[in-house]
Structure formats: C-alpha cells, structure tokens
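We did not get these values from a lab; they are worked out from the coordinates using the rules stated. In this text the structure is predicted, and so the values were computed from the model without any measurement. Glycine also receives a Cβ, built like all others from the backbone with ideal geometry; neighbour counts cover every protein chain displayed.
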Amino acid sequence: MNDQIQVYRELQKHIDKMPVGFPPTKSGVEIRILKHLFTPEEARIALNLSALPESLERIHRRAAKSGLSIKELEKALDRLVEKGAIMGGKPLSKGRKGKYYSKAQLAIGMFEFQVNRLTPEFARDFYQYLDEAFGQAVHSKKTSQMRTIPINRSVTPDHHIGNYDDAKQLITNSNGPFAVINCVCRQSKDLLGEPCKLSDIRETCIVIKDFAEVVVENGTGRGITKQETLQLLDRAENV
C-alpha cells in the first residue's frame, strides 16, 4: 500500500470511530469518497481532529509533527470547512474565543455539505457506499446518533409521527434566523438521471438559527423571513 492510499485508509478508520461509522468495503469506494473531499495533505491534517470541537491552538499542538505554522494550519482547516469536509465556522466557535473545528461524519455531515456542488461521480460513489456498507453502519450496534435509552419503567406505546402542525409550531416559536437550502438527496438523484417523481421542487430544506447564518454566509442557502418559512411548509404540505 503506497503512502497516499495509506493516509486515506487511516482517515477512514479515524472517521469510523464517529457515532455513525465509516466502515471499509471490498470495493474501496469509501476511499474514493475521501479522495473527492481531501487531498493527501488535507487527509493527514484531518487525522488530528476530534469528534468534539477543539480550538485551533489545541489542534496545532497535536499536529506539531506536520511542521505547519498555526497560520498555515488555520488556512488548511478553513479550506476543508469551505469544501464541506469537516466541521467549523460559527456553529462551533460561537460563544468561544477563537476558531474551533472537528471532524465530520459522512451523514449527517459531509454528504449534506456538498449541496450545490455535487458531481455525478461523488453521487454515484455515495449511493454505492450506501448499499455496500454505510446503510448498515447507520443502524449498527455501535453507539449511534439515535438510540433507545433504558429508563427501567413501563411505557405505554404512543406512536406519533411529526407532522405539519409540529413543524409550524417550531417555526412560530423560533426567533430565527431562517434559511432554506436545496435538497441534497434530490440534487444527487438529478445528477444520476433519477429525478424525484413527486415534485420538481428542490429548495425544501429549512435551516434555523446558527446553521442558517452559516448557509447564508457560505452561499449554499438563502435567508428567508419567518412568514416565508411558513409558506414553504404550506407548499410542502400541498405537494
């Protein structure tokens, strides 16, 4: 295994430690996904990131062997944030001194961050990986994003699905800011020649508060008012 492939394999193992794993496959499609997002040098830098947000200074101490100055490291990390390869920016740094960064999961994370810049190759690799390994990883026995917590009490089943009224109440009670972004799932299927058969609407994903500021700032989303947000819900309800 050459050095370039090795660093991507190390990064795959590093991301695989996240709540939603990033397991290996026989086809190696997961390595292709990483190559879409990271150069070999960027992959080495990402190996120094934790699942929890950490300051630039702390990451720099961990990455001392790289020989990068703190300014060079900051520039590289900001570039990875812009590419949607890692977490950073306002949501992580708000209320803290300086910049904070962390590694990102494939989903929810790197895949969603590719909205408006997807390529057919990335979309094809993502869905192949979803079929080969990632779909199972989302529902694995490892610590997951969504799990049942035992409370040692009897609970009467009350099956409830979030609906229009719940979403409307959430928006009504929020002070915003609000933004809307294109649906990355529909975008990816469009690129593969498999468009949604139910609607040609793509601008459907609503974002609130800190992340609304981020998507507007980086150009992937459009800022909207509370009234416009409620109108989007009405439109979706009537599709």
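Pull out a ≥ b ≥ c, the square roots of the eigenvalues of the alpha-carbon gyration tensor of region 41-149, then state rounded if a/c is under 1.5, prolate if not and a/b is larger than b/c, and oblate in the remaining case. Cα axes put region 41-149 in the prolate bin. Here the sum of -39500 (n - 2.57) over DSSP H runs of 4 or more residues, divided by the residues of the chain, equals -12500 deg cm²/dmol at 222 nm, to the nearest 500. Computed about the Cα centre, the dipole magnitude for the chain is approximately 860 debye when only Lys and Arg (+1) and Asp and Glu (-1) carry charge, each at its Cβ. Within the straight-line cut-off of under 23 Å between alpha carbons, the lysines reachable from K189 are K35, K83, K197, sequence neighbours fewer than 8 places apart in one chain being disregarded.
Ordering D131, D190 by the number of other Cβ atoms within 10 Å of each residue's own Cβ, fewest first, gives D131, D190. Mean separation of Cα pairs under 8 Å and 6 or more residues apart, divided by the residue count, gives the chain a relative contact order of 19 percent. Starting from the Kirkwood radius over alpha-carbon pairs of the chain, derive D by Stokes-Einstein at 25 °C in a medium of 0.890 mPa s and give it in µm² s⁻¹. Answer from the Stokes-Einstein relation: 124 µm²/s.
Under 13 Å from a label point 7 Å along Cα→Cβ of E72: give me every residue in region 17-61 with its amide N that close. The answer is 41-42, 45. Neighbour counts of C-beta atoms inside 10 Å place V20, V138 in the sequence V138, V20, starting with the fewest. Summing charges over neighbours of K189, with a neighbour being any other residue whose Cβ is under 15 Å away from its Cβ, gives -3 when K and R count +1 and D and E count -1. Legend: ranking of residues H60, H139, H36 from fewest to most surrounding C-beta atoms inside 10 Å; resulting order H139, H36, H60.
Using 0.36 nm per residue and subtracting the Cα-Cα separation, the extra length available between S174 and R58 on full extension is 38.3 nm. Positive-end ranking of Y101, P177, H60 along the dipole of the chain, with charges on Cβ about the Cα centre, is headed by H60.
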